[in-house]
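Where a number appears in this text, it was derived from the coordinates with a stated rule and is not lab data. Please read these numbers as outputs of a predicted model, since none were measured by experiment. Every residue, glycine among them, receives a Cβ derived from its backbone with ideal geometry; neighbour counts consider all protein chains shown.
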Amino acid sequence: MAPTSNPEPHASSSDGAGATAGSAHATAGSAHATAGSAHATAGSAHDVLVIGGGPAGSSCAYWLAEAGWDVVVVERKRFPRDKTCGDGLTPRSVRQLQDMGLAGALSGAHRYEGLRACGYGRQLELDWPAHPSFPSHGYVITRHDLDQLVAERAAKAGATVRQGTEALEPLLDEAVGGAADGLPACLGAVVRDKDSGQRSEVRARYVVVADGANSRFGRALGMSRRRGWPMGMALRGYYRSARHDDPFIESHLDIRDASGAVVPGYGWIFPLGDGRVNVGVGLLTVAGRWKGVNTSTLLDTFVAQAPPAWGLSPEAACGPATGGKLPMGLAVGPRVGPNVVAIGDATGSINPFNGEGIAYGYETGRLAAACLGEALSGAGAPALARYEQRLEDAYGLYYAVARAFVELISHPHLMQICIRTGMHSHGLMAMLLRVMANLMRPSELGSAEAAYLALASLGKLLRRA
Ligand SMILES: Cc1cc2nc3c(=O)[nH]c(=O)nc-3n(C[C@H](O)[C@H](O)[C@H](O)COP(=O)(O)OP(=O)(O)OC[C@H]3O[C@@H](n4cnc5c(N)ncnc54)[C@H](O)[C@@H]3O)c2cc1C
């Protein structure tokens, strides 16, 4: 196991992710030096091409560059750039940022200590739990600032980050193709410089798809989402608030549609510490259910009904709200080809329990970097194929349980019973927080771990069914 690995049995997402770090790959730039890849074609300029410089792409590029590989990221926007998000970093994200050497850079961001869960007239303050691998705090920081930090970190480690460069389409390797149930082989991408409009080709031995939830590049390679699986939709805006430096992020578990009916999802108020709070609503859909709910109305209703102490109102809004999709539970595939892997939202890596995706972008990027390092070191396509198994080991069962949970709460009556019951017990909600934020302790069988194991047995049964 890698020195920086995360020991959770169901969440060993960084296992091996640092495996190539420190290895003697001072051959950066020598794209053809290593045997074992079917793609060391003449004209391959880079070891790895990463499409997209968000959390997943920048993390993957950082770990590859840190290990000495020649990696280029193409990012269609220029940093700093906005990205619609709740801006909440949980301890899992903080851990990954620390591992990338960014602990100091986060010191200016708003640090918070836990979650205030609200619902049905009650509220509970739940500190982040003590954990052997994760810190007991999180941060709220705009993606405008965060994503620039990580992209710069990757560049400092040696990655080439080409901003304002959009990948238009993959360059398919017809000579190699791919397995019927996998991604096709890819020689690189046709890219366009956004300023000059000029098109060119970027070629590499390996290609990483990290272009986010809409993933046009992934779709061009044949990726698609499993329609019956849970999917999130969310809308958020910034508001001025006197409570901008609250030490807790706040979740409201009883958000209502225009008719007053409770819907599956939650409303959030995340304090940014700079005079503003990030306010949003997220909705879960399963097999198309709840698709008709208007998230703008949901957000307006949430803002109108939020606790008065936050001072939220349409007048306090800093601008219009923006929304996006949350592909979750690893619902998007296939994700591996002979020389291609997909990471982050492009493969639906968001945690269905809580809609958290930044940590899983970092983690899947790191996991892919480990597999790519092995492939580049001579093990070739079989090493890359192991990415699928490593994802399964890290998240397979946990996400199966999470999907079952989403199925459950998409029945309003059941959801209300669960939340009403939970809101009467601090212990129960603290346990649920550990399960839902994927912060269970591996070496201890506490109540959260026991509850998870019970749910996991159910998940195993469901997966067999
Ligand atoms: C409203 C909302 C609230 C959320 N709140 C939270 C939260 O509080 N905490 C949390 O952990 N997660 C949250 N998420 C989820 C989180 O935003 C994502 O999971 C995360 O951004 C995934 O990172 P990524 O790198 O996979 O994709 P992205 O962050 O989407 O990055 C993809 C990058 O690829 C670039 N790109 C796209 N196409 C191309 C192309 N063709 N060529 C070149 N570049 C391209 C994009 O410009 C972008 O920079 C939220 C999501 C939404 C929609």
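Suppose the chain between SER107 and TYR120 were pulled fully straight at 0.36 nm per residue; how much longer would it get relative to their current alpha carbon spacing? Write out the running numbers ahead of the final one.
Numbers: separation 13, 0.36 × 13 = 4.68 nm, distance 3.53 nm.
So the extension gain works out to 1.1 nm.
Using modelled amide H (1.01 Å from N, peptide plane; none on Pro or chain starts), what sits under 5 Å from the amide H of ARG116, excluding residues fewer than 5 places away?
Correct list: LEU126, ILE249, GLU250, SER251.
What spacing in nm lies between the two simple spin-label points modelled at ALA309 and LEU168, each 7 Å away from Cα in the Cβ direction?
Between ALA309 and LEU168, the label points sit 5.5 nm apart.
Using the Cβ atoms and a cut-off under 13 Å, what net charge is assigned to the surroundings of ALA306, where Lys and Arg are +1 and Asp and Glu are -1? Could you put the intermediate results ahead of the total?
Numbers: positive: ARG116, ARG243, ARG256; negative: ASP246, GLU250, ASP254, ASP300.
Net charge around ALA306: -1.
Rank-order 413-426, 118-131, 242-255 by packing density, defined as the average count of other C-beta atoms within 10 Å over each peptide's residues, highest first. It would help to have the intermediate numbers written out before the result.
Values: 413-426: 14.6, 118-131: 16.5, 242-255: 19.5.
Going by the mean number of other Cβ atoms within 10 Å, highest first, we get 242-255, 118-131, 413-426.
Only residues of the range 309-325 count here: report those whose backbone N is under 19 Å from the spot 7 Å along Cα→Cβ of ALA242, or say none.
Correct set: 309-318.
Just from its helices, what would the mean residue ellipticity at 222 nm be for the chain, if runs of 4 or more DSSP H residues each count -39500 (n - 2.57) and the sum is divided by every residue, rounded to the nearest 500 deg cm²/dmol? All intermediate terms of the calculation are to be shown ahead of the outcome.
Details: 11 runs with 134 residues, N = 465.
One gets -9000 deg cm²/dmol as the mean residue ellipticity at 222 nm.
Between beta-carbons, use under 12 Å as the cut-off and find the net charge around GLY228, counting Lys and Arg +1, Asp and Glu -1. Intermediate values should be presented prior to the final figure.
On the way: positive: ARG225, ARG226, ARG227, ARG289, ARG403; negative: GLU407.
Summing Lys and Arg as +1 and Asp and Glu as -1 gives +4.
Looking at TYR395, SER136, MET100, which one has the Cα that reaches farthest to the positive end of the dipole of the chain (charges on Cβ: Lys, Arg +1; Asp, Glu -1)?
TYR395
Determine the percent antiparallel among the DSSP beta bridges restricted to the chain, to the nearest 5.
Details: 54 of 76 bridges.
Close to 70 percent.
Note down the magnitude of the dipole of the chain about its Cα centre, charges +1 on Lys and Arg C-beta and -1 on Asp and Glu C-beta and zero elsewhere, to the nearest 20 debye. It would help to have the intermediate numbers written out before the result.
Values: 43 positive and 42 negative charges, 168 e Å.
With only Lys, Arg, Asp and Glu charged at Cβ, the dipole is about 800 debye.
Can you work out the FRET efficiency for the pair HIS424 and GLN389, with r the C-beta to C-beta distance and R0 = 45 Å, to the nearest 0.05? Working shown, then result.
Details: r = 42 Å, r/R0 = 0.93.
It comes to 0.60.
To the nearest 0.05, how large is the calculated FRET efficiency for HIS413 and GLU201 if R₀ is 56 Å and r is the Cβ-Cβ distance?
Numbers: r = 56 Å, r/R0 = 0.99.
Efficiency computed from Cβ-Cβ geometry: 0.50.
Show me the ranking of peptides 319-328, 92-101, 374-383 by mean Cβ neighbours inside 10 Å, starting with the highest. The partial results should precede the final answer.
Values: 319-328: 17.8, 92-101: 22.3, 374-383: 19.7.
Packing order, densest peptide first, comes out as 92-101, 374-383, 319-328.
On a 20 Å Cα-Cα criterion, which of the cross-link pairs LYS194/LYS325; LYS77/LYS194; LYS156/LYS194; LYS83/LYS325 come out too long? Before the final figure, lay out each step's value.
Values: LYS194/LYS325 25 Å; LYS77/LYS194 8 Å; LYS156/LYS194 23 Å; LYS83/LYS325 12 Å.
Checking Cα-Cα distances, LYS194/LYS325; LYS156/LYS194 exceed 20 Å.
Taking the Cα-to-Cβ direction at ALA258 and at ALA130 and moving 7 Å from each Cα, how far apart do the two end points lie in nm?
5.1 nm
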